[in-house]
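Working notes, structure below.
The values are calculated or read from the model by the stated rules, or taken from the named source; none is laboratory data. Remember, it's a predicted structure, so these values are computed and weren't measured experimentally. Virtual Cβ from ideal backbone geometry, glycine too; neighbours counted across all protein chains shown.
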Amino acid sequence: MVVVTNIWIAVAWHRYVLLDEMPGAVVARFNGDRIFAYFGKSLLRAIESWKSDARVALIASGGLTHFVVDEDVDNAVMDALRSRKIEGVTKLGEPIFQAGTSEIKNWVPVAGAMADLGYEPNVIDYVPCYRSMAGTGNAMGFVYWKQ
């Protein structure tokens, strides 16, 4: 029980102090996009503090919308990546990130870290891959960042 309490205190502190969220209930709502962006920035700080000449790559892997392709959502995500304003993904709302579409969250930590570094996103391609007339499929985005 002590471990759970300590973890809850740490999470509450991070959300209140670092994410500027005010508690609205006993169990706070999950803002994954903001938490994942914070995780990416934390990961970046850890890498920067590492005393090594090693090269490090951050990689995000995952599709965009699926099982039903939603090009509006995909374009909103790609626009957020291009503009280095990943908080644009926040405006989509948590219900968007259901089933396979939750893979979009894999992009958020890397995009947050790259924005902090001031790296420029380069969108190679966006491909909505439809499998059926009903719009089922998987959308794919291909992006890399450079100085």
Which of the numbered conditions does G137 fail, given that it passes all the others? Conditions: (1) under 20 Å from G40 (Cα atoms); (2) not in a helix (DSSP H, G or I). (1)
Consider A80 against the criteria (1) buried (at least 17 other Cβ atoms within 10 Å of the Cβ); (2) more than 25 Å from E48 (Cβ to Cβ); (3) free of Cβ contacts under 8 Å to residues at least 40 places away in the same chain; (4) not hydroxyl-bearing (S, T, Y): it satisfies all of them except one. Which criterion is unmet? (2)
Could you tell me which numbered condition G63 fails, if it satisfies all but one of (1) in contact with a Lys or Arg (Cβ under 9 Å, 6 or more places away or on another chain); (2) farther than 16 Å from I35 by Cβ; (3) touching a residue at least 60 places away in the same chain (Cβ under 8 Å)? (1)
When F30 is run through (1) assigned to a helix (DSSP H, G or I); (2) farther than 24 Å from Y130 by Cα; (3) at pLDDT below 85, the failure sits at (1)
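Please verify whether the range 107-122 includes one or more residues that are over 18 Å from L81 (Cβ atoms), assigned to a loop (DSSP other than H, G, I, E, B) and of a type outside the set (S, T, Y).
no
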Could you list, in sequence order, the residues of the range 92-130 that are closer than 21 Å to L43 by Cβ and of a type in the set (V, I, T)? I104, V108, V110
